[in-house]
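This report refers to the structure that appears directly beneath it.
What follows draws every value from the coordinates through simple rules; no lab data is involved. For clarity, every value in this text was computed on a predicted model and none was experimentally measured. In this analysis, Cβ positions are derived from the backbone assuming ideal geometry, glycine residues included, and neighbour counts consider all displayed protein chains.
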Ligand SMILES: NC(=O)c1ccc[n+]([C@@H]2O[C@H](COP(=O)([O-])OP(=O)(O)OC[C@H]3O[C@@H](n4cnc5c(N)ncnc54)[C@H](OP(=O)(O)O)[C@@H]3O)[C@@H](O)[C@H]2O)c1
């Protein structure tokens, strides 16, 4: 943990998707390190645990309702923060889930919903905070991408493409924002041990789907790899380090699996890398 309460002094941070996993740990990590933290979640009924810890440790953390797919909800939450604190220095766009299934089995509505949360959700929050950060002439936006923002996986086309889109968006936005003192960073975790929701497209539930054998293999793999995944506390720690860095990197990998995969990707041809993925995930 970086104990930089000095740096964090009076800085206001907003984290989306703080009800569990990476968002939950990040909100606590920021609050424990002196950030005035707004742990936002779409379902306020899930706030009991984080509120108990906040009270027990006397943390500068407040829970707010925010659904990243809802314009009104994003506006209300951010207006609320501005009324209370007058500034927002850090935003962590973390809310997300994974639609797992073949493109043929996924309806356009299911794919659009995936992008609505993972991609447009982050845009919705950024469009609301950018004018504030521009006025402040400072701000840090952390977009929680994934190793799946750099590498494709079987049955992951919708999720992977939403994260590739988030990567391209963030990289391009960095050129727009630098002149205003606003930084945009990407966090790329490997497999993390959270309750990460894998949503199965309706059509893929049909056991007669021609993609069932690959789906079953991937689902088997995911259950065991997530249980052995890196702790979300490690991701939270990387986020804290990145935002308190004087000159942060654009991208931060988290977890040994993420480093190994990116290394293999860099050192392999497309064909050889595809063989590695098939060998690891489908055999
Ligand atoms: N776990 C992994 O292996 C892994 C690896 C790489 C990247 N990631 C990324 O890390 C981020 C967090 O995932 P996690 O692993 O921590 O999973 P998680 O424990 O399921 O947390 C996801 C969070 O996103 C929230 N969320 C979903 N839709 C939302 C919406 N419309 N508005 C606001 N919040 C919403 C969830 O809220 P509810 O509780 O209400 O559902 C939950 O708080 C995601 O962007 C994911 O893609 C995860």
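What to note about this one:
- Its relative contact order, with pairs defined as Cα atoms under 8 Å and 6+ residues apart, puts region 31-145 at 27 percent.
- Relative to the globular-protein estimate of 2.2 N^0.38 Å, the Cα radius of gyration of the chain stands at 1.00.
- Between helix 270-281 and the chain: long-axis angle, C-alpha atoms, 0 to 90°, nearest 10: 90
- GNM on the chain, alpha-carbon springs under 10 angstrom: the most fluctuating residue among 18, 162, 209 is 209.
- Size descriptors for region 132-201 (Cα atoms only): Rg and Dmax, in that order, 14.6, 43 Å.
- Cα-based helix-to-principal-axis angle, 71-85 vs the chain, degrees rounded to 10: 30
- Inter-label distance for residue 250 and residue 283, nm, one decimal - labels placed 7 Å from Cα along Cα-to-Cβ: 3.4
- By the count of other C-beta atoms within 10 Å, a proxy for reagent exposure, 270, 105, 70 are ordered fewest to most as 270, 70, 105.
- Shape index of region 191-269: Rg/Rh, with Rg the Cα radius of gyration and Rh the Kirkwood radius from the inverse mean 1/r over Cα pairs, equals 1.10.
- Gain upon complete extension [residue 271, residue 174; 0.36 nm per residue less C-alpha separation]: 31.8 nm
- Equivalent ellipsoid of region 76-211: semi-axes from √(5λ) of the C-alpha gyration tensor, largest first, are 33, 15, 12 Å.
- Top of 107, 146, 170 by mean-square fluctuation, Gaussian network on the chain, Cα under 10 Å: 107
- Between helix 157-177 and the chain: long-axis angle, C-alpha atoms, 0 to 90°, nearest 10: 40
- Within the chain, helix-based [θ] at 222 nm, where runs of 4 or more DSSP H residues each add -39,500 (n - 2.57), nearest 500: -16000 deg cm²/dmol
- Here r is the Cβ-Cβ distance between residue 108 and residue 58 and R0 is 45 Å; the resulting FRET efficiency, rounded to 0.05, is 0.40.
- Both radii come from the Cα set of region 138-283: Rg as radius of gyration, Rh as Kirkwood radius; their ratio Rg/Rh reads 1.01.
- Estimated Rh, region 1-98: Kirkwood, alpha-carbon pairs, angstrom: 13.3
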